[in-house]
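The values are calculated or read from the model by the stated rules, or taken from the named source; none is laboratory data. The model shown is predicted, which means the values in this text are computed figures rather than measured ones. Here the Cβ positions follow ideal geometry from the backbone for every residue, glycine too, while neighbour counts run over all protein chains shown. These area figures cover heavy atoms from the full protein model, side chains too; ligands, DNA and RNA do not enter into them. Shrake-Rupley method; radii C 1.70, N 1.55, O 1.52, S 1.80 Å.
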Amino acid sequence: MKIALIGSGGREHAFAHAISKSKLLTHLYILPGNPGTAQLGTNLAIDTSNFNAVAEFCLKEKIQLLVVGPEEPLVNGLRDFFEADEQLRKIAFVGPGKNGAIMEGSKDWSKLFMHKYAIPTAAYQTFTAENLQAGLSYIQSHELPIVLKADGLAAGKGVLICQTHEEALQEFEAMLMNNKFGTAGSKVVIEQFLAGIECSVFVLSDGNSYQILPVAKDYKRIGEADTGLNTGGMGALSPVPFADHTFMQKVEERIVIPTIEGLKKEGIVYKGFIFIGLIKVNNEPYVIEYNCRMGDPETEVVLPRIQTDMIDLLLATANGNLHTINLHINPMHAATVMLVAKGYPEAYEKGTVITGTDLVQQSTIYHAGTKLNEQGQLLSNGGRIIAVTSLAPSLQEAIALSNTAANQIQFSNKYFRTDIGYEFNTN
Ligand code: AMP
Ligand code: GLY
């Protein structure tokens, strides 16, 4: 089977890795990919925001399965573009259409959806420039802290947790009146703050049935002990110690089933991954957000634990046969440590030489932001540079292995968190 995968990060390297283990694969193309995926297939420098270019390539190469990693092409309607054409429609496609990707594309839409289907989430109200005054009064009488969310995609920066009313008023006005997040902030969701511990639940939906994938926890803050600025993710682990059977049963009954049923009732045939960001408050799960894709770096701990053939799983998703799949999960613990450039998520240097990847024996390396120069040297090419994942019988062993690998890989401005999983450390 000829497969194309869209994306260029650690998530896509992990997908490429899982796909390339399948006997069903004849050739894998990655659009545009990275030096890690280049070892598993053919990278192609196609601009994936150009849907015509993606379509032309898929027809020319007779692609049979297209898997979309990031949210942007989905929110912008790549699936709809393929469905509108008689030939392109025949290609199995993993990723929702525009009407499903809106779960991530509009926070207001997802809050309304949760409200309609009684899915537990924080209390909220949405405001626009038209009812600015009402929003300002709402903030003044709101308890602290106050969560402000830009409605649309804002590259992970659209959520603000304000500790004072003054800050909330100022930020609210900046979004609605001064385009702080561009059009993404032309609607603002004001939300109750929930205090608890977070985890990420991943669900595959084929438009009718679903499969729950291994649960993961990601470490978003740049600093040790969850301090400092938010990042794309500094590490991850799976399974999650506090997400036990009882908790996951609540998640399935109160959140996953109503989400899948709600989508069907809305007439949305959702074929792809649903990433549910959850918070556990007094042992009860609440939804923080939906995403229409897998998480990064969560994918780097979730996929290595899935023993079921990845192409079988993806095809079943695209073809509506997920109920026929027997999901086999490796009971081992997976831990990922993300190597980043010092300075990230603010300004940082690119193009530093990376060495030592060949020393890593017991962990898997996923390239996140790297490139090769003309001499074939590996260079950093982003804030998040390399993710290392280890599997071991215990969480502590998995973390220790990933930390060892993170020490073996060298580049001049390397930084990583040494405390992934710290809150579960029983030693
Ligand atoms: P998001 O961009 O939606 O992933 O939100 C970023 C982060 O903001 C989440 O991972 C949470 O840590 C935090 N957050 C979002 N909404 C809330 C809320 N209602 N209460 C507490 N924390 C929140
Ligand atoms: N790691 C969080 C995300 O992918 O959005």
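Below is a table of values for the structure above.
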| item | result |
| --- | --- |
| Radius ratio Rg over Rh of the range 295-427, counting only Cα atoms, Kirkwood formula for Rh | 1.04 |
| Value of [θ]222 nm, deg cm²/dmol, for the chain, DSSP H segments ≥ 4, -39500 (n - 2.57) each, nearest 500 | -7500 deg cm²/dmol |
| Mean projected area in nm² (Cα convex hull; one quarter of hull surface) for the range 275-371 | 10.0 nm² |
| Amide H within-cut-off set for GLY97, under 5 Å, with H built and near neighbours excluded | LYS271 |
| Portion, in percent, of the accessible area of the chain that falls on carbon or sulfur, probe 1.4 Å | 49 percent |
| The chain: relative contact order as a whole-number percent, Cα under 8 Å and 6+ apart | 16 percent |
| Backbone HN-Hα couplings from phi across the range 78-86 [Karplus 6.51/-1.76/1.60, Hz, Gly and Pro as x] | 4, 5, 4, 4, 5, 5, 7, 10, 4 |
| Heavy-atom SASA rank of THR26, THR308 (probe 1.4 Å, accessible area, largest first) | THR26, THR308 |
| Amide H within-cut-off set for GLY382, under 5 Å, with H built and near neighbours excluded | GLY351 |
| Residues of the chain: accessible area per residue with a 1.4 Å probe, Å² | 42 Å² |
| For the chain, diffusion coefficient by Stokes-Einstein and Kirkwood Rh (Cα), 37 °C, 0.692 mPa s, µm²/s | 148 µm²/s |
| Packing rank of 214-224, 45-55, where each peptide gets the mean count of other beta carbons within 10 Å, highest leading | 214-224, 45-55 |
| J(HN,Hα) series, the range 21-34, from Karplus relation 6.51 cos²θ - 1.76 cosθ + 1.60, nearest Hz, glycine and proline x | 7, 7, 6, 6, 7, 9, 8, 10, 10, 10, 10, x, x, 8 |
| Dipole of the chain, positive direction: furthest Cα of THR352, SER137, ALA18, with charges on the beta-carbon | ALA18 |
| MET177 accessible area, 1.4 Å probe, all protein chains in place, Å² to nearest 10 | 100 Å² |
| Lysines whose Cα lies under 28 Å from that of LYS2, excluding same-chain neighbours fewer than 8 positions away | LYS21, LYS23, LYS60, LYS62, LYS90, LYS98, LYS271, LYS371 |
